[in-house]
Ligand SMILES: [Zn+2]
C-alpha cells in the first residue's frame, strides 16, 4: 500500500489459498495485481479478481515457456474484468511506479501489445457464447428460477437458507430474498463456497 495505490502480490497462491484470503474478510482491493502462478489457470479465480478489482495486472511469465502460461482462461478472466494487463513475455521488463495517486507502467518493448488477445480458439468460443445468449433470451428460464436465498449484505455473499454460515451471520447483515441466482449475482453478490448456492 502506497498512498491511494496498492499492490497485491499473490505469488504462487492457488485458488484454495485465494479463497482463504477472501474468506478471511481481508480487504484485498488493489490497484495492481501481480497475477499468481505465472498466469496458470489454477490461480486468479473470478471471485478473487472481483474482490481485488484491480485496474492493472502484471503477468510475469517466460517467453515460450513449456507450461503454456498464461492460459487462455486467465486471460479471458482478466479480459472480462476489464483489467489493463502487462506481460513480461510480450513486453520484456515491466517497471511500475506509483506516486501514491497514480500508477505508471513502463515496458521494455511492445507497450501497446494486445496482451489479452485470445488465441483463435478463444475467439471462436466467445462468438458461440454470444449465440447461446441469443438463444436463451426466449421464455426458457431453466436458469432463472426464483429461490429463497440468504444474503449477507456486509460480505456480499449469498447462501442457501440451510447453510451453517447463516446462523453465524449478524442479524443486521442478513437479508432473505426470493430471487433467481442470476439476479443476485448481478446485484454483486458472490455465492458462498460452503453451501454453493
Ligand atoms: Zn453458505
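The values are calculated or read from the model by the stated rules, or taken from the named source; none is laboratory data. Keep in mind that this is a model prediction, so the values were computed, not measured. Here Cβ is always computed from backbone atoms with ideal geometry, including for glycine, and neighbour counts include all displayed protein chains.
List of remarks:
- Test: residue in the range 140-147 that is modelled with pLDDT of 85 or more, surrounded by 11 or more Cβ atoms within 10 Å (Cβ to Cβ) and within 16 Å of the ligand (Cβ to nearest atom): yes
- Search result, residues across the range 163-195 that are in a loop (DSSP other than H, G, I, E, B) and either within 8 Å of the ligand (Cβ to nearest atom) or in contact (Cβ under 8 Å) with a residue 12 or more places away in the chain (or both): 163, 169, 170, 188, 189, 192, 193, 194, 195
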